[in-house]
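To keep things clear, I will list the structure first and then write my remarks on it.
The values are calculated or read from the model by the stated rules, or taken from the named source; none is laboratory data. All of these numbers come straight from a predicted model, not from anything done at the bench. So basically every Cβ, Gly included, is an ideal-geometry build from the backbone, and we count neighbours across all protein chains shown. Note: accessible area is taken over every heavy atom of the protein model, side chains too, but ligands, DNA and RNA are not part of it. Shrake-Rupley method; radii C 1.70, N 1.55, O 1.52, S 1.80 Å.
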Amino acid sequence: MSAPAELPPVRYTPDQAALQRFGASTRNPHRIHYDAGFARAQGLAGPVVMAQLHGCLLFRAAAEWAGDPGRVVSLGWRNRAPSGPGAELTVSGHATPAGPGLVRLDLLETGPDGAAHCVGYAVVRTG
Amino acid sequence: MRPALWAVRTRALELLGRVEHRSLGPVRAAEARRFAEAAGETDPRLLDPARPDFQLHPMYLVSLLRGPGHPRPGELRPDGMYRDEVPGTDGLDVLLMAGGQDLTWHRPLRPDEYVEQTRELVSVRCKGRAPTQFLVLEVAKRWSTAGHGVVVEATETFLVR
């Protein structure tokens, strides 16, 4: 395993426009992602980032570490807390060997206050 | 357990093991590029369809809720989500949350391949105690193409309160 054991942080700040575009491209019309009044009526602080968008950031961290998106074999995550548009999300993690030619990456996505939004893992091929 | 939650549980148990099929249609490079941009992707191999090493973003397929076209009248709940997205919940006064996903890729998807999806509710669990009981529904999904088999498999978890 020649790549560093600690993953370089991957960051993204999805704004409301990004949520609109992400929702449009995935054909996701759920109002909690774009309707602030509706989201608040559901007990949320406002519109929330899509679960799959969080997954994309975890995927990006794994792919960047592996050097090729095609080397990501599996990915999983659990949602811990919602995040809203305008909040910077940071994925960190560390790598451990997971068998011949495979590495497991344990991943954590946090918000600006350091609170966890997602915990996850990826398995990547090393070559 | 609240009556609405009990109704979800009853319906969901009846749906266990029933396999649904959906067509997502052909997956276009330009759509996957727009998806990658919205997701904050920076890898040019996922952003530039003109590159010889362009790849459809692997997360695009598993994030797509439907194929091309607008929702049909009556297809959406009042909250905007598709009525059948979370099994057993249509029309009931419950709150839905995405719990997480586990994905395994078997091969890359190529532009313009025609994708079919299967969905199957595989488990229904009650968690917590009244008055904070909730249900955990697990749905197994598989995306495949006619000529080249399975592309990716997933287990998605929904929390119903």
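What does the charge count around B:GLN117 come to, taking other residues whose C-beta lies under 10 Å from its C-beta (Lys +1, Arg +1, Asp -1, Glu -1)? Result for the local shell: +3. Between 0 and 90 degrees, the angle of helix B:3-15 with respect to the longest Cα principal axis of chain B falls at about 60 degrees.
Angle check, please: helix A:51-66 long axis (alpha carbons) against the longest principal axis of chain A (alpha carbons), in degrees 0 to 90, nearest 10. It is inclined by approximately 20 degrees. Taking every residue in B:27-36 and counting other chain Cβ atoms within 10 Å of its Cβ, the average works out to 2.
Find the centroid of the Cα atoms in the range A:10-32 and in the range B:78-112, then give the distance between the two in whole Å. Cα centroid of the range A:10-32 versus Cα centroid of the range B:78-112: 16 Å apart. If the elastic network links every pair of Cα atoms under 10 Å, which of B:ASP53, B:ASP93, B:ASP84 fluctuates the most in the Gaussian network model of chain B? The residue with the greatest mean-square fluctuation here is B:ASP53.
Give, rounded to the nearest 20 debye, the magnitude of the charge dipole that the protein assembly as shown has about its Cα centre when Lys and Arg contribute +1 at Cβ and Asp and Glu contribute -1 at Cβ. Could the numbers behind the result be given before it?
Values: 34 positive and 31 negative charges, 126 e Å.
Once rounded to the nearest 20, the dipole reads 600 debye.
Could you give the distance between the Cα centres of the range B:51-73 and the range B:117-150, to the whole Å? Between the Cα centres of the range B:51-73 and the range B:117-150 lies a distance of 20 Å. Remark: accessible surface ordering of B:SER23, B:SER144 (largest first) is B:SER23, B:SER144, probe radius 1.4 Å. Net charge of the neighbourhood of B:ASP90, taken over other residues with C-beta under 15 Å away and scored Lys/Arg +1, Asp/Glu -1, is 0.
Here r is the Cβ-Cβ distance between B:GLU14 and B:PHE54 and R0 is 45 Å; the resulting FRET efficiency, rounded to 0.05, is 0.55.
Between B:LEU76 and B:HIS21, the FRET efficiency estimated from the beta carbon spacing at R0 = 25 angstrom works out to 0.80. Out of A:HIS30, A:HIS94, A:HIS54, any idea which swings most in a Gaussian network model of chain A, alpha carbons joined below 10 Å? Looking only at A:HIS30, A:HIS94, A:HIS54, the biggest GNM fluctuation is shown by A:HIS30.
Angle of helix B:29-38 to the longest C-alpha principal axis of chain B, folded into 0 to 90 degrees and rounded to 10: 60°. Comparing B:HIS148, B:HIS70, B:HIS106 in a Gaussian network model of chain B (Cα springs below 10 Å), the most mobile by mean-square fluctuation is B:HIS70.
What FRET efficiency comes out for A:ALA5 versus A:ARG78 if R0 is 25 angstrom and r is the Cβ-Cβ distance? Round to the nearest 0.05. That gives a FRET efficiency of 0.65.
Translational diffusion coefficient of the range A:19-127 at 20 °C, 1.002 mPa s, Stokes-Einstein with Kirkwood Rh over Cα pairs, in µm²/s as a whole number. Intermediate values should be presented prior to the final figure.
Values: Rh = 14.8 Å.
Approximately 145 µm²/s, per Stokes-Einstein.
Note on B:59-67: average number of Cβ atoms from other chains within 10 Å of each residue's Cβ is 6. Note on chain A: with neighbouring protein chains present and a 1.4 Å probe, carbon and sulfur make up 54 percent of its accessible heavy-atom surface.
How big, in percent, is the set of alpha carbon pairs in chain B lying more than 24 Å apart?
That fraction is 42 percent.
The residue among B:ALA32, B:THR155, A:THR96 whose Cα reaches farthest toward the positive pole of the charge dipole of the protein assembly as shown, with charges on the beta-carbon of Lys, Arg, Asp and Glu, is B:THR155. Modelled spin-label separation between B:THR42 and A:ALA116, with each label point placed 7 Å from Cα along the Cα-to-Cβ direction: 2.5 nm. Here the simple spin-label model places points 7 Å from the Cα toward Cβ, and for A:ASP35 and B:THR118 these points are separated by 3.5 nm. Summing Cβ point charges (Lys, Arg +1; Asp, Glu -1) relative to the Cα centre of chain B gives a dipole of roughly 460 debye.
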